[in-house]
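Asker: Questions regarding the structure given below will be posed in turn.
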Ligand SMILES: Cc1cc2nc3c(=O)[nH]c(=O)nc-3n(C[C@H](O)[C@H](O)[C@H](O)COP(=O)(O)OP(=O)(O)OC[C@H]3O[C@@H](n4cnc5c(N)ncnc54)[C@H](O)[C@@H]3O)c2cc1C
């Protein structure tokens, strides 16, 4: 049986940044990083953006680190291997290749997987979800074959996929039960601007519609909506959200909140002091957002949390304190979202929503700033806005006193 000081489970951005965190404190401890996907750790944001707008980009383009990173950092990298179970008493993990590995500190950074709506026909060929490199490869084939592609769900992944596919002048049908893209977190004027962008770029849209069934003889050939309308398609992508990969934590008896991740403390430690969790799968007490417990599904959050978990696994004992940061790119528009829009509603806006240059401010019940969503075609201009939002969310500044000059920096 091999033995490591640190075993990192999951080949995503959280684990990779845990390596960096560990090495800042412990330059010599042995590290094993185990990821079940066949690729070295890669970043997901490019999958729905440049990997689809430019179909010729190589599969190494989104890799989180250059290949020599793992060797340079003294990391044993196992790709294509799954951690099947944890024996917390023996402090070992069982791997899918038959090996048993001992750990002193263990990180669970197992992320999430895309879910599908359980409608009839969702097992037909040409129907997929979108989360992984393999999903991206499958969708590239459909784009190359110039198929009519239906996108079900207009959250941030669905909207990015639609925009990227439209760049190839392929036919895109959007099906969304909300009234506009990003309906879960964006204001109606942000949504109507985005709707307009999809119209301009040639999408066929069915907002306020849900999917009833998929039809086809082996391969999908049409979709039927709840209105009864039937539309011919050659490919279907579900962008309807994710479920957390918390089964390892559950089966080993760690504390888990149903559907909301592995419970960690402010140091990102689980209910077992030798085991930490980070990234999408970690349910943490957010000191910056009123100590609310939640799990984020954001790239930078997973990066920051992984880094902090790594430092704490190596003994730093620091609390995790960051204002959430999410971004998205659609056509030539860039968006950033700071804070937590679920805690408030949009009460003030600056700029010109009609042309996609604006900031929406979200206030909680007490009227204090809890989130801000900014859009612009000028990406660098969002940096100053992001800093201003971060500052005023930290201060819980009343939105009523915030002026344009204080935010549009
Ligand atoms: C297409 C797409 C675009 C995105 N774009 C943005 C964006 O623009 N901005 C933004 O902020 N966020 C974006 N996100 C979200 C962001 O990518 C995630 O929040 C981030 O990937 C979470 O990182 P993670 O390390 O926690 O988990 P993941 O990236 O999910 O990685 C976890 C890995 O662990 C593996 N694993 C699970 N269980 C085991 C096991 N038992 N043994 C071994 N391995 C296991 C999984 O297969 C997976 O490879 C995007 C996500 C997607 C899918």
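The values are calculated or read from the model by the stated rules, or taken from the named source; none is laboratory data. No experiment lies behind these values; they were computed from the predicted model shown. FYI the Cβ positions are ideal-geometry reconstructions off the backbone, even for glycines, and counts take in every protein chain you see.
Asker: For the list (1) under 23 Å from the mean Cα position of the chain (by Cα); (2) assigned to a strand (DSSP E or B); (3) away from the ligand (no atom under 16 Å from the Cβ), I need the number of the one condition that residue 265 fails.
Answerer: Answer for residue 265: the failing condition is (2).
Asker: Filter region 268-288 down to the residues that are assigned to a helix (DSSP H, G or I) and within 12 Å of the ligand (Cβ to nearest atom), then identify the one that is surrounded by the most Cβ atoms within 10 Å (Cβ to Cβ).
Answerer: Checked region 268-288; the qualifying residue surrounded by the most Cβ atoms within 10 Å (Cβ to Cβ) is 279.
Asker: Of the residues that make up region 42-57, is at least one outside the structural domain of residue 134 (by TED's automatic domain parsing), surrounded by fewer than 21 Cβ atoms within 10 Å (Cβ to Cβ) and more than 16 Å from the ligand (Cβ to nearest atom)?
Answerer: Yes, that holds for at least one residue.
Asker: Taking the stated definitions as given, is residue 307 farther than 21 Å from residue 7 by Cα, within 13 Å of the ligand (Cβ to nearest atom) and not assigned by TED's automatic domain parsing to the domain that holds residue 371?
Answerer: No: the conditions fail for residue 307.
Asker: Further, regarding this structure: With respect to the numbered conditions (1) modelled with pLDDT of 95 or more; (2) within 27 Å of residue 327 (Cβ to Cβ); (3) surrounded by fewer than 17 Cβ atoms within 10 Å (Cβ to Cβ), which one is the sole condition not fulfilled by residue 66?
Answerer: (1) is the only condition that residue 66 fails.
Asker: Considering region 84-98 alone, what residues qualify as being farther than 14 Å from residue 248 by Cβ and loosely packed, with under 15 Cβ neighbours inside 10 Å?
Answerer: Of everything in region 84-98, those that are farther than 14 Å from residue 248 by Cβ and loosely packed, with under 15 Cβ neighbours inside 10 Å turn out to be 89, 90, 97, 98.
Asker: Could you figure out which of (1) over 22 Å from residue 186 (Cβ atoms); (2) without any contact (Cβ under 8 Å) to a residue 60 or more places away in the chain; (3) not in a strand (DSSP E or B) isn't true of residue 304?
Answerer: (2)
Asker: Say we look at region 129-139 and pick out the residues that are within 12 Å of the ligand (Cβ to nearest atom) and closer than 21 Å to residue 233 by Cα; which of these is surrounded by the fewest Cβ atoms within 10 Å (Cβ to Cβ)?
Answerer: If we take residues in region 129-139 being within 12 Å of the ligand (Cβ to nearest atom) and closer than 21 Å to residue 233 by Cα, then 135 is surrounded by the fewest Cβ atoms within 10 Å (Cβ to Cβ).
Asker: Turning to a different aspect of this structure: Being more than 8 Å from the ligand (Cβ to nearest atom) and out of contact with any strand residue (DSSP E or B) (no Cβ under 9 Å at 6 or more places or on another chain), is that true of even one residue in region 289-300?
Answerer: Taking every residue of region 289-300 in turn, none turns out to be more than 8 Å from the ligand (Cβ to nearest atom) and out of contact with any strand residue (DSSP E or B) (no Cβ under 9 Å at 6 or more places or on another chain).
Asker: Sticking with this structure for a sec: Would you confirm whether any residue within region 326-341 is touching a residue at least 12 places away in the same chain (Cβ under 8 Å), within 15 Å of the ligand (Cβ to nearest atom), within 19 Å of the chain's Cα centre (by Cα) and over 20 Å from residue 160 (Cβ atoms)?
Answerer: Looking through region 326-341, at least one residue is touching a residue at least 12 places away in the same chain (Cβ under 8 Å), within 15 Å of the ligand (Cβ to nearest atom), within 19 Å of the chain's Cα centre (by Cα) and over 20 Å from residue 160 (Cβ atoms).
Asker: Can you give me the number of residues within region 72-83 that are loosely packed, with under 15 Cβ neighbours inside 10 Å and either at positive phi or within 8 Å of the ligand (Cβ to nearest atom) (or both)?
Answerer: Summing the residues that are loosely packed, with under 15 Cβ neighbours inside 10 Å and either at positive phi or within 8 Å of the ligand (Cβ to nearest atom) (or both) in region 72-83 gives 2.
Asker: What's the number of the condition residue 312 fails, among (1) modelled with pLDDT of 95 or more; (2) more than 15 Å from the ligand (Cβ to nearest atom); (3) outside any helix (DSSP H, G or I)?
Answerer: (3)
Asker: Any chance you could count how many residues in region 128-146 are part of a loop (DSSP other than H, G, I, E, B) and more than 22 Å from residue 215 (Cα to Cα)?
Answerer: Adding up the residues that qualify gives 2.
Asker: A further question follows. Just the residues that are within 13 Å of the ligand (Cβ to nearest atom) and touching a helix residue (DSSP H, G or I) at 6+ places or on another chain (Cβ under 8 Å), please, taken from region 85-105.
Answerer: 85, 86 - these are the residues of region 85-105 that are within 13 Å of the ligand (Cβ to nearest atom) and touching a helix residue (DSSP H, G or I) at 6+ places or on another chain (Cβ under 8 Å).
Asker: Output yes when any residue across region 106-127 is surrounded by fewer than 18 Cβ atoms within 10 Å (Cβ to Cβ), at pLDDT 95 or above, within 14 Å of the ligand (Cβ to nearest atom) and assigned to a strand (DSSP E or B), and no when none is.
Answerer: Yes, there is a match, as at least one residue in region 106-127 is surrounded by fewer than 18 Cβ atoms within 10 Å (Cβ to Cβ), at pLDDT 95 or above, within 14 Å of the ligand (Cβ to nearest atom) and assigned to a strand (DSSP E or B).
Asker: Looking for whichever is within 16 Å of the ligand (Cβ to nearest atom) and either free of Cβ contacts under 8 Å to residues at least 60 places away in the same chain or within 25 Å of the chain's Cα centre (by Cα) (or both) here; the options are 211, 248. Which one fits?
Answerer: Residue meeting the stated conditions: 248.
Asker: Among the residues of region 14-25, is any within 7 Å of the ligand (Cβ to nearest atom) and within 15 Å of the chain's Cα centre (by Cα)?
Answerer: yes
Asker: Same structure again: Do you know which residues across region 388-409 are in a loop (DSSP other than H, G, I, E, B) and surrounded by 11 or more Cβ atoms within 10 Å (Cβ to Cβ)?
Answerer: Hits for region 388-409 are 396, 397, 402, 408, 409.
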